[in-house]
Amino acid sequence: MRGRILRLAMGVLEAALAAALAVTLVGCSAGTPNTGQSGAGKASAEPIKIGAIVSLTGTYAGLGDPEKKTIEMEVKRINEAGGVNGRPIEVIFEDDGTDEAKAVAAASKLIEQDKVVAIIGATGTGQSMAVRSEIDRAGIPQVSMAGGSAITAKLDPLVFQTPWSNTLVVPFTMEYLKKQGITKIGLITDTGGFGKDGKAVVTAEAPKFGISVVSDQTFNAGDTDMTAQLTNIKNSGAQAVVMWTSGKEAATVVKNAKQLGITIPVYGSHGNARLEFIEGAGDAAEGFRFAAGKILLPESYGKDSAEYKTATEFVDRYTTAYGSPPSTFAGHAYDALYLIVDAARAAGGDITPTAIREQLEKTKAFSGIGGSFTFSPTDHNGLTAEDLNMYEVKNGTWILAP
């Protein structure tokens, strides 16, 4: 499979193909491009239907929104360049409301009614895991945009993943803590799928780096006060707070920590790699550190790398389209879409769920936003710790942590 992104065709070829093929997005405002050519008809080719389960409401709405925007923008681009093997891409969106039961219903609808050949999603770990039975029953490949290690740790032949999993991010974070001389941490996690997964991985990995969890606290989605949990951490002798969540509640945790006069450093996860967290936390976010991919500072890919070119072009397009730079979650959606598109292209005329799954597993050195993806029969995450940076929030933005 090609390890590069699709590019717009140029000149006469672009105009001819754009006139022939419709942009068929379901759930967005894009329609058939106006080519300015009289007599041009809509695309007659059968579209390739892909489902997308995203959290547009609920605690993960801040993640699902950039994911949907990215997919809409890039599908339009793909179709304007001629689609895939002469066929337009049609993405059908379903909002799971950050709810596992709704995610299952969405997957069933996409499979049974819409007859999709692949599913992107879900946004969250719990929702991604919840749809597994539907995925396996129908034999439909799934590319999750969630970072829980459980998604691909126990290999399912049909399930792939675009974020750096907790099994990559947690050891990377523990190694950094060790270098800072930290041996005792207070852990606070959400009770959803991502938080539970992170808690399990931190608990297993921390001792390997000489680190003890001296206080273990949790909170629920929607909670608005974490002072009780943080007071326990403050009194535990912890040298740092480690928070594992992707939800909007992360801002509350750091604000409560500041209100309590907690002066030990606070570390988070790749789930906090978005400006909404910094904006929500205000000055309480200052000094906060977290590990995430290089998209936040694209020059860290290396300016001569294929990933740098992919990332900077994507950042420019997204910023132009939506007025602000993309988050890492937008990047997860980009990678999920293009992995499926490249798989469909490689499948040739046989664009079936089975063919797409087989081609996904053959992915080698795919230059994505998350890094360079290489899947195999034993690895459906495809990334390494080399794709990560440690960041620090400073003056309302992020920099590379010292």
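Each reported figure results from applying straightforward, stated rules to the coordinates on display, with no laboratory input. The model shown is predicted, which means the values in this text are computed figures rather than measured ones. Here the Cβ positions follow ideal geometry from the backbone for every residue, glycine too, while neighbour counts run over all protein chains shown.
Odds and ends about this structure:
- Assigned charges on the beta-carbon of Lys, Arg, Asp, Glu; the chain dipole about Cα centre (debye): 500 debye
- Cα-based convex hull volume of the stretch 274-402 per residue, rounded to whole Å³: 128 Å³
- For the chain, the relative contact order comes to 17 percent (Cα pairs under 8 Å, sequence separation of at least 6).
- When Rg and the Kirkwood Rh are both derived from Cα coordinates, the Rg/Rh ratio for the stretch 92-248 amounts to 1.05.
- In a fully extended conformation the segment linking GLU299 and ALA321 would gain 5.7 nm over its present Cα-Cα distance, using 0.36 nm per residue.
- Residue by residue, the stretch 140-146 carries 3J(HN,Hα) couplings of 9, x, 10, 10, 7, 9, 9 Hz when phi is fed to the Karplus relation 6.51 cos²θ - 1.76 cosθ + 1.60 (θ = phi - 60°); x denotes Gly or Pro.
- The modelled label-to-label distance between THR231 and GLU279, using points 7 Å beyond Cα along the C-beta direction, is 3.3 nm.
- Cα principal axis extents for the stretch 233-348, largest first, Å: 61, 29, 27
- At full extension, LYS154 and GLU112 could sit 12.5 nm farther apart than now, given 0.36 nm per residue minus the alpha carbon distance.
- Note on the stretch 326-352 and the stretch 244-299: Cα centroid distance 30 Å, given to the nearest whole angstrom.
- Length-normalised contact order of the stretch 200-346 in % [C-alpha pairs under 8 Å, at least 6 apart]: 15 percent
- Average projected area [Cα convex hull, the chain], square nanometres: 18.8 nm²
- Cβ-derived FRET efficiency at R0 60 Å, LEU260 paired with THR354, nearest 0.05: 0.65
- On Cα atoms only, tilt of 11-20 relative to the major axis of the chain in degrees: 90 degrees
- Gaussian network model of the chain, Cα within-10 Å springs - most flexible of ALA200, ALA347, ALA150: ALA200
- Rounded to 10°, Cα long-axis angle of helix 306-322 versus longest principal axis of the chain: 80 degrees
- CD proxy at 222 nm, helix term only [per DSSP H run n ≥ 4: -39500 (n - 2.57); per residue of the chain; nearest 500]: -12000 deg cm²/dmol
- Helix axis angle, 328-347 relative to the chain longest principal axis, alpha carbon, degrees: 40 degrees
- Sorted into 10 angstrom bins from 0, the C-alpha pair distances of the stretch 40-130 split as 18, 44, 28, 9, 1 percent.
- Rh by Kirkwood over Cα pairs, then Stokes-Einstein D for the stretch 83-149 at 1.002 mPa s and 20 °C, µm²/s: 176 µm²/s
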